[in-house]
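Report on the structure given below.
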Amino acid sequence: MTRSDLVEELASRFSQLTHRDAEQAVKTILDALGDALVRGHRIEIRGFGSFSINHRPPRMGRNPRSGESVAIPSKRVPHFKPGKALREAVDQGTEAVLGQSDPAP
């Protein structure tokens, strides 16, 4: 699902919202989530999941082309952990699509 798909879904579910209002609502929510993560805050949406920031320490990597060692600096990366309800819904949806109770190994 893309951002424009999300706007379309929101506009179709809530007939009182114009397409422009739905687009503004999606933009506002995504901007607020992004700003909170930039500030280092944790975001928790019950039943959906949580967004947080993970710290990756500096390490030595290798340039695949030349083979020489390269120092990779530390960085902060966004991390998403799905909530229990989302995990179960995805699992049930996967089972329905695959038509089986256990996914193939």
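Every number in this text was worked out from the coordinates using simple rules, so none of it is lab data. Model, not experiment: these values are computed from the prediction. Don't worry about glycine lacking a Cβ; one is built from the backbone with ideal geometry, like all the others, and counts go over all protein chains shown.
Hey, got the dipole for the chain? About the Cα centre, +1 on K and R Cβ, -1 on D and E Cβ, debye to the nearest 20? Present the calculation step by step, with values, prior to reporting the outcome.
Values: 16 positive and 13 negative charges, 154 e Å.
Dipole of the chain, to the nearest 20 debye: 740 debye.
Provide the net charge surrounding Leu37, with neighbours chosen by a C-beta distance below 12 Å and charges set as Lys +1, Arg +1, Asp -1, Glu -1. Walk me through the numbers on the way to the answer.
Numbers: positive: Arg39, Arg42, Arg76; negative: Asp31, Asp35.
Net of charged neighbours comes to +1.
When Rg and the Kirkwood Rh are both derived from Cα coordinates, the Rg/Rh ratio for the chain amounts to 1.12. Here Lys84 is the anchor, and the aspartates and glutamates within straight C-alpha reach of less than 14 Å, apart from those fewer than 8 places off in the same chain, are Glu44.
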